[in-house]
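Undergrad: Sharing a structure, written as structure tokens. Questions coming.
The values are calculated or read from the model by the stated rules, or taken from the named source; none is laboratory data. Computed from a prediction, not measured in an experiment: that's the story for all the values here. FYI the Cβ positions are ideal-geometry reconstructions off the backbone, even for glycines, and counts take in every protein chain you see. Just so you know, the surface numbers come from the protein's heavy atoms only, side chains and all, with ligands and any DNA or RNA stripped out. Shrake-Rupley method; radii C 1.70, N 1.55, O 1.52, S 1.80 Å.
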Amino acid sequence: MGMFLCFLAMIAIFILFAIWQTKIYHKKIDVLKCEASLLKNANEYSDDAIVIFSKNNEVYFANKAARKLLQLEIHYRHKPLPKEIILQTGNSYAQTIFEMIEKQNKITAETIHVENIALTVGDTTHSVNIYIDKSEESKDLIVCVIQDINIKAKEDFERKNKEKIDELTELSGYSKAYEDINKFILASQKQPGPFALYLFSIDRFDIIRSTYGHIGADKILQKFAHILQGYVSTQNLAYRFDGENFILVYQGIKDRVEAIRIGEETIAEIIGLINSDSNINARVEASVGIVLFPEHGHNFNDLIDRAFNALEYAREKGEGSICIFTNDKQKKEQQTDAIKISEIRTGLAHKEFILHYQPIIDLATGSVVGAEALVRWKHPRLGLIKPDKFISLATRSGLIVEIGDFVLHEAIRQRKIWSKFDFRDIWISINFSSRELNMSHFAIRLEELFNMNQIDPGFFNLEISEIDVTNDIEKANVEFAILKKIGISLSLDRFGIGGSSIKDLHGLPVSMLKVDRSILGYIDTSKDHQEMIKAINALGHTLGMTVLAEGIETKSQLDAVKQLGCDFAQGYYPGKPLDAFEFQVLIRS
Ligand code: C2E
Ligand code: MG
């Protein structure tokens, strides 16, 4: 009996032990299940595609990103990946993911890491990085992680966009400037915090871009931004506003004298560093407009508008100038802004436009042989204004055609007077725009005008900018041929920045190339520019054209272009634009 009881007790203990072990086992299973589910969830929501293969090439698991990337059907499990999913590097043949794994198996040990490989799924190809883990710990499973680089690039882009960073220069952009400056202004209501806002703008950037191309121009922007970045501190902030315009906010500047001094020092340093960089071929200048907070405005928009206004005034003083906003200028700004299309129309009706004539000299003899007619507007409020204030508005509105009409009639009238009173025979160059060239029967109408006025068309030369011609070379060829037949000569204005090729120029009925002043500005000092002029001269002369050097401001520039073989010169040194009465003194017989 005792033995039996002992046996029963042992069975009971065994059962209890078995129950206890089962409980422990289930607990372990639960923990494992929980861990597996957490892992699965983590994998499921990973942005990278994760595929787990069993060693017989079947898909054991694919997370959400993988199902999307590989376009897997709902019942994808325990089947190989579809055959249309292939991988290909630059020069290798196409292979499936599993083939790659097998090939790599023979070469390397535990993990495989292949970057920037093309993954084709049906019609779509992605650039991907692939990581494969076939280590011992993963037992019979192979873990494959696929990172879509395109998506990563998009995410980077979105991040930069969110932080409002400019892609090219890595500086913060306009909207960040807007946000930050408005924050300063708001904070200054509690504790006054004056600051200066500098608007830097690279001068004649359109010309730099057409001369040195997008890559050359972008290099300059990046360099500018990089140097500007050096000024950033807890006190100062820098932004790329747009195009070639940059902003620097300098906190704690109290007065105009200090603001101008810092502006001058900063721009001198930036320009000095750019121009001494041997990787940059262009010679760069920048102008600066300055505004002070709170003196010149109480919100971002007012400050920026006035900074642009100050910049405009700086530019009027000449390239590389600096100007701080003043309230007098604010008044003028409002008036200048008020130039409306209707005003140009009234100006034409009231005969407010006049012509000035700038002498063109023959470099061989030094005498005046021609004049460029340059339009001016005797504005009732603003005084005499130059074309840069209204030509682009006139061009956009189409009123340039009427202005061009006035210029032609007036130049013909003036030329007839000079003939009648025996002034020396000179030609008159007239600027015309592509808009006029595109008018129907432009050449025929000109012929009629010359016939009606009984004047020799040979006294006139039409100037059209190289850029306008290269934009529609075929049209130019047709119209120019008619003009030439009529006896009117043609010049390519602002030559050297329009990107025309020898093929474009060959056969184009043009008699003169007017080399843009951006190329001639450094002609007496820069070897590069001298070589450029030599090449233009050789090209022009070979094609039977003469070459005029424009924008000559000093004697040494004049001597240089003469020595380099140009035929004609024009610029402030040989003579500024003058009204007809002043000009005719130069051509008295
Ligand atoms: P453009 O044809 O290149 O004319 C030369 C411009 O350079 C003129 O400016 C002239 O005053 C200026 N200039 C001449 N020599 C020098 C110099 O040594 N240094 C500097 N810094 N500048 C010099 P302006 O009169 O302000 O004319 C500007 C532009 O307006 C002209 O450039 C031309 O494209 C346009 N324009 C002028 N008159 C007419 C016109 O009647 N019709 C059309 N369609 N455009 C015109
Ligand atoms: Mg011109």
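Undergrad: Would you check if residue 504 is away from ligand 2 (no atom under 15 Å from the Cβ), free of Cβ contacts under 8 Å to residues at least 60 places away in the same chain and either touching a helix residue (DSSP H, G or I) at 6+ places or on another chain (Cβ under 6 Å) or part of a helix (DSSP H, G or I) (or both)?
TA: When the stated conditions are applied, residue 504 passes them.
Undergrad: Suppose we keep only residues that are over 20 Å from residue 278 (Cα atoms) and either outside any helix (DSSP H, G or I) or over 27 Å from the mean Cα position of the chain (by Cα) (or both) within region 514-523. Which one would you say is farthest from ligand 2 (Cβ to nearest atom)?
TA: 515
Undergrad: Quick one: count up the residues across region 384-406 that are open to solvent by 30 Å² or more (accessible area, probe 1.4 Å) and assigned to a loop (DSSP other than H, G, I, E, B).
TA: Qualifying residue count, region 384-406: 1.
Undergrad: Take the residues in region 473-497 that are open to solvent by 30 Å² or more (accessible area, probe 1.4 Å) and within 16 Å of ligand 1 (Cβ to nearest atom), then tell me which one is nearest to residue 449 (Cα to Cα).
TA: So the residue we want is 489.
Undergrad: Of everything in region 422-431, what is over 20 Å from residue 400 (Cβ atoms) and either within 14 Å of ligand 2 (Cβ to nearest atom) or touching a Pro at 6+ places or on another chain (Cβ under 6 Å) (or both)? Give them in sequence order.
TA: 427
Undergrad: Restricting to region 561-589, count the residues that are more than 34 Å from the chain's Cα centre (by Cα) and assigned to a helix (DSSP H, G or I).
TA: 10
Undergrad: Against the condition open to solvent by less than 10 Å² (accessible area, probe 1.4 Å), aliphatic (A, V, I, L, M) and touching a Gly at 6+ places or on another chain (Cβ under 9 Å), how does residue 523 come out, does it pass?
TA: It is false that residue 523 is open to solvent by less than 10 Å² (accessible area, probe 1.4 Å), aliphatic (A, V, I, L, M) and touching a Gly at 6+ places or on another chain (Cβ under 9 Å).
Undergrad: For residues in region 407-426 being crowded, with 17+ Cβ neighbours inside 10 Å and either in a loop (DSSP other than H, G, I, E, B) or hydrophobic (A, V, I, L, M, F, W, C) (or both), which is farthest from ligand 1 (Cβ to nearest atom)?
TA: That would be 423.
Undergrad: Next question. What's the total number of residues in region 526-560 that are open to solvent by 60 Å² or more (accessible area, probe 1.4 Å), assigned to a loop (DSSP other than H, G, I, E, B) and more than 16 Å from ligand 1 (Cβ to nearest atom)?
TA: 1
Undergrad: Please work out which residue is nearest to the chain's Cα centre (by Cα), limiting yourself to region 392-411 and to residues that are without any contact (Cβ under 8 Å) to a residue 40 or more places away in the chain and within 16 Å of ligand 2 (Cβ to nearest atom).
TA: Applying the filter and picking the extreme gives 392.
Undergrad: For residue 521, work out the one condition from (1) within 16 Å of ligand 1 (Cβ to nearest atom); (2) modelled with pLDDT of 85 or more; (3) under 22 Å from residue 552 (Cβ atoms); (4) not hydroxyl-bearing (Ser, Thr, Tyr) it doesn't fulfil.
TA: (2)
Undergrad: Any chance you could count how many residues in region 478-534 are more than 22 Å from residue 282 (Cβ to Cβ) and hydroxyl-bearing (Ser, Thr, Tyr)?
TA: Matching residues across region 478-534 total 3.
Undergrad: Continuing with the same structure: Which one of these does residue 452 not meet: (1) more than 13 Å from residue 486 (Cα to Cα); (2) among the hydrophobic types (A, V, I, L, M, F, W, C); (3) open to solvent by less than 80 Å² (accessible area, probe 1.4 Å)?
TA: Here residue 452 clears every test but (3).
Undergrad: Inspect all residues belonging to region 478-491 and state whether any of them is closer than 23 Å to residue 411 by Cα, in a strand (DSSP E or B) and free of Cβ contacts under 8 Å to residues at least 40 places away in the same chain.
TA: So far as region 478-491 goes, yes, one or more of its residues are closer than 23 Å to residue 411 by Cα, in a strand (DSSP E or B) and free of Cβ contacts under 8 Å to residues at least 40 places away in the same chain.
Undergrad: Additional query: Could you list, in sequence order, the residues of region 274-304 that are within 20 Å of residue 521 (Cβ to Cβ) and at pLDDT 90 or above?
TA: Of everything in region 274-304, those that are within 20 Å of residue 521 (Cβ to Cβ) and at pLDDT 90 or above turn out to be 274, 286, 287, 288.
Undergrad: Also: Being of a type in the set (Ser, Thr, Tyr) and within 16 Å of ligand 2 (Cβ to nearest atom) is true for just one of 419, 434. Which residue is that?
TA: Result of the check over 419, 434: 434.
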